[in-house]
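Structure first, then comments.
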Amino acid sequence: MPELTLRSRLDTKSFLDCRIVYTQRKTLQLEVLPDMSVRMIAPLGTKTEVCSRMLLKRMDWVRAQMRYFSQFHPLTKPREYVSGETHLFLGRRQRLKVISGPTKDVKATRQHLTVCAGRTTSARLVEATLWQWYREQAADLFQERLLGCMVKLNIPKAEGPKELIIRCYRSRWGSMSPTGVLGLNLDLIRAPIECIDYVIIHELCHLRFPHHGPRFWDLLERVMPDWRKRKSKLERLTA
Ligand SMILES: [Zn+2]
């Protein structure tokens with residue numbers, strides 16, 4: 001039987017698409033996956049109305065699941081890169097000012113991010129210029145915060161991460177590989193410094209305990225007793 005997609009209203013602005021997958025099983029099962037897609041496993045031959053009713057009945061649960069998973073998804077709202085739009089930098093909401101001129105340049109003042117992408121105001125080039133600048137800011141700042149966090153955790157330089165990699169993860173803020181490579185999400189440059197420190201400290205704790213066992217949480221709690229506050233601040237930023 002072919003797959004079917006049910007569309008249902010998620011909130012006043014958006015819709016939800018639920019994929020129906022027909023299988024040999026006997027009962028209906030609704031799932032929200034970590035990438036926030038929704039699917040329903042249904043017995044072969046189930047009527048569409050039955051699936052629809054089940055989805056409607058469980059919409060509150062679906063919304064709650066999506067909210068839960070959304071906290072792991074860095075903000076990816078579509079941006080237009082035009083003057084007047086607000087963009088975050090270190091937790092501050094700053095107004096974009098697009099200007100044209102001979103040299104590519106980004107300047108941050110208290111309230112503005114002034115971007116010059118050359119003699120053009122092409123959104124694509126403004127975006128590239130701004131993100132290149134974000135990347136440069138992140139390279140310096142994350143390295144500096146990392147050293148500070150290592151001091152907090154009493155990690156000597158020789159025992160710190162072998163390498164710091166900054167990249168665009170889709171669904172995580174940071175990672176620590178078994179070989180000691182620290183990965184930080186470039187998107188963190190838009191978060192307040194206290195949130196950046198929280199992600200770094202969390203990942204550094206993995207140098208001692210690679211998993212999320214009780215000893216890991218004990219250590220995190222000891223070095224950063226207010227980590228929950230910082231974590232929820234970071235999650236609010238992505239809402
Ligand atoms: Zn972790």
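Nothing in this text is a laboratory measurement; each read-out follows from the coordinates by a stated rule. The structure displayed is predicted, hence computed values, not measured ones. No Cβ is skipped: glycine too gets one built from the backbone with ideal geometry, and neighbour counts run over all protein chains shown.
Rounded to the nearest 0.05, what FRET efficiency is calculated for residue 41 and residue 11 with R0 set to 30 Å and r the Cβ-Cβ distance?
Numbers: r = 25 Å, r/R0 = 0.84.
The value I calculate is 0.75.
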Problem - Cβ-derived FRET efficiency at R0 22 Å, residue 235 paired with residue 154, nearest 0.05 - result: 0.20
Handout entry: Dipole magnitude of the range 86-237 about its Cα centre (Cβ charges: Lys, Arg +1; Asp, Glu -1), debye to nearest 20
Key = 540
Problem - Integer Hz, Karplus 6.51/-1.76/1.60 couplings in order for the range 104-110, x for Gly and Pro - result: 5, 6, 10, 10, 10, 10, 4
Exercise for the section: Sorted from largest down, give the three principal axis spans of the alpha carbons of the chain, whole angstrom values. Expected result: 61, 52, 28
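P(r) tail for the range 24-124, what percent of Cα pairs lie past 19 Å? Intermediate values should be presented prior to the final figure.
Working: 3149 of 5050 pairs.
Cα-Cα pairs of the range 24-124 separated by over 19 Å account for 62 percent.
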Problem - Shape box of the range 72-136 [Cα atoms, principal axes, largest first, Å] - result: 39, 24, 23
Practice task
List, largest first, the extents of the alpha carbons of the range 110-178 along their principal axes, each in whole Å.
Solution key: 48, 27, 19
Completion exercise
Between residue 24 and residue 212, the FRET efficiency computed from the C-beta separation at R0 = 25 Å comes out, to the nearest 0.05, as 0.10
Completion exercise
Full extension between residue 60 and residue 110 adds, at 0.36 nm per residue less the Cα distance, a length in nm of 13.9 nm
Fill in the blank from the handout: Note on the range 4-70: contact order normalised by length, alpha-carbon pairs under 8 Å, 6 or more apart, percent, works out to 27
Handout entry: Sequence-separation-based contact order of the chain, relative, with Cα cut under 8 Å and 6+ spacing, percent
Key = 13
Handout entry: Nonlocal amide H pairs with residue 10, under 5 Å, H built at 1.01 Å
Key = 15, 16
Exercise for the section: Can you spot the aspartates and glutamates whose alpha carbon is less than 16 Å from residue 104's alpha carbon? Ignore those fewer than 8 places along the same chain. Expected result: 127, 136
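Given N residues in the range 4-70, what is Rg(Cα) / (2.2 N^0.38 Å)? Before the final figure, lay out each step's value.
Values: Rg = 11.6 Å, N = 67, 2.2 N^0.38 = 10.9 Å.
It is 1.06.
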Fill in the blank from the handout: Mean-square fluctuation maximum in Gaussian network of the chain, Cα pairs under 10 Å, restricted to 153, 113, 16, hits 16
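Full-extension gain between residue 162 and residue 181, please, as 0.36 nm times their residue separation minus the C-alpha to C-alpha distance. Intermediate results must be reported in sequence, preceding the final value.
Details: separation 19, 0.36 × 19 = 6.84 nm, distance 0.55 nm.
That pair, residue 162 and residue 181, stretches by 6.3 nm at full extension.
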